[in-house]
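J.: Next up is a structure, given as structure tokens.
The values are calculated or read from the model by the stated rules, or taken from the named source; none is laboratory data. The shown structure was predicted, so the numbers you read here are calculated from the model rather than taken from an experiment. Here Cβ is always computed from backbone atoms with ideal geometry, including for glycine, and neighbour counts include all displayed protein chains. With ligands, DNA and RNA removed, areas are computed over all heavy atoms of the protein, side chains included. Shrake-Rupley method; radii C 1.70, N 1.55, O 1.52, S 1.80 Å.
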Amino acid sequence: MSETELRLEDFAAEVFEPLGRMDQRRCGLAYLRGLLLDGGRKSVKAMAARLDGEMNRQALAHFVTSSPWDPAHVLAQVSWKIKPFITTPALVIDDAVFPKDGDASVCVAPQYTSSSRKITNCQVGVSLSLASDRARSTVNWRLFVPESWDPAFPAADPARIRRRVECGVPDGVGHVEKWQLALDMIDEVSSWNLRPSLVMADAEYGDSAAFRQNLQMRGLRYMVGISDTMAAHPADARLYPIVHGCRPEQLPPGGEEPISVEKLIATVRRAVKGAAVWHQCTPTHADERLRRQSATFAALRVRPAGPNHEPARHTCWLLVEWPAKRSEPTRFWLSDLATGRPLHSLVELAYLRRRTKDCHREMRDDLGLTHFEGRTWRGWHHHVALVSAAHAFETLQRLAVADSLPSDSAPRQPARQSEESAPHSHCGHHNIPTHPTT
């Protein structure tokens, strides 16, 4: 037996320790092997054939589809295994799309997805990942329930409501906004003693004031994408007196109307254009996919507009990016990290979330994340938990190899120029990855 196989058995013994029966733990190890073996399709039938008699198809199908084990227990074990190897981790929220041809799978419906930028017949999973510059690992999942699958909503589809029973959707589980699913996952991993201080998400979550406020209530900092239409005030805006229940036209005089962040940053860019510091950027890797390009960033303090156009009582960072050869900004982030943060630190954090999409790509392309052919609620959650465990094992293997390299063989990082702490607003060029992140 190879060293890798021995490591996999030790890993599986720990990850599946909460499973109550020996046959479940044996099936769990076989399923991980099936996901990790070379080959195309990672459906139960295809994996059982590649396992060469180690586990028959019926036993493997029953384990993932029907066996009564809690995937949260497995994911908690995965998080505890991976956390010591991901230094100063952040929690990253992201969506994963599971395309479907038919309409029989649980929670499948025509849905708009930001990755495809169109309506697709699919399932959508909300994921929570641990991430740092060193590694990323997905440690929690929720399946999004569309309104058409919830009898409490006017948009409910009678055919889909009938399929809830066939697919085993638990009673009481219905349509919940994705940002609320993300908060539920954060609360769950907090109960696992996993509580990084920073949460990251894209604009679908960042545009929600309720999501950002709930993170603050939990004592968590955030770095979230926002859309260019989100309204905000300059940090020094005159504040309205707090008058609850007023309509905008009833607000007392003396306050300033919020404007979109796109318009807000335009005035700032004109103000700092002559004083911008430009750093020369050069390619850092021979592989064209990993070549770097320069981009312009600006960061300033703003007050996000709340209900009734009231400015927030606290200021946040607004980070903006202009890619090379583009005259207008294309990406916006909002963060409540403390003042005095260097610009390069904000940029690196913003791009950390985008790099976590590598997790979904690797799980999709190499580990069969979207290959599950079962139709049940339990089966979907079992499968994504097992794929996450397989990905965590691969990540630990890569880190072990990297740690065994001599120090003089490690890739050298280009020296970073020293920077002043971030002032009220500033611009600069930084290296950013250009390889696909969708």
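J.: Assuming R0 = 45 Å, can you tell me the calculated FRET efficiency for the pair Arg218 and Ser404, based on Cβ-Cβ distance, to the nearest 0.05?
T.: Computed FRET efficiency for Arg218 and Ser404: 0.70.
J.: I'd like the carbon and sulfur percentage of the solvent accessible area for the range 93-162, probe radius 1.4 Å, heavy atoms only, ligands and nucleic acids excluded.
T.: 52
J.: Can you give me the accessible area per residue for the range 1-103, using a 1.4 Å probe, in Å²?
T.: For the range 1-103, the per-residue accessible area is 50 Å².
J.: Turning to a different aspect of this structure: What does a probe at Glu177 reach in the range 193-221, counting residues whose amide N is under 19 Å from the point 7 Å along Cα→Cβ?
T.: Flagged as within label range: 199-221.
J.: I'd like the accessible area for Ser129: 1.4 Å probe, protein heavy atoms, all chains in place, Å² to the nearest 10.
T.: Looks like 0 Å² after rounding.
J.: Semi-axes of the range 34-89's equivalent ellipsoid from the Cα gyration tensor, sqrt of 5 times each eigenvalue, largest first, rounded to whole Å?
T.: 28, 16, 8
J.: Moving on. For Lys45, list the lysines whose Cα falls under 25 Å from its own Cα; do not include residues on the same chain fewer than 8 positions away.
T.: Once the sequence-local lysines are set aside, what remains near Lys45 is Lys100.
J.: Which part of the range 339-361 falls in the paramagnetic zone of His314, meaning amide N under 16 Å from the point 7 Å along Cα-to-beta-carbon?
T.: Answer for the range 339-361: 339-341.
J.: What FRET efficiency comes out for Ala324 versus Glu9 if R0 is 56 angstrom and r is the Cβ-Cβ distance? Round to the nearest 0.05.
T.: That gives a FRET efficiency of 0.70.
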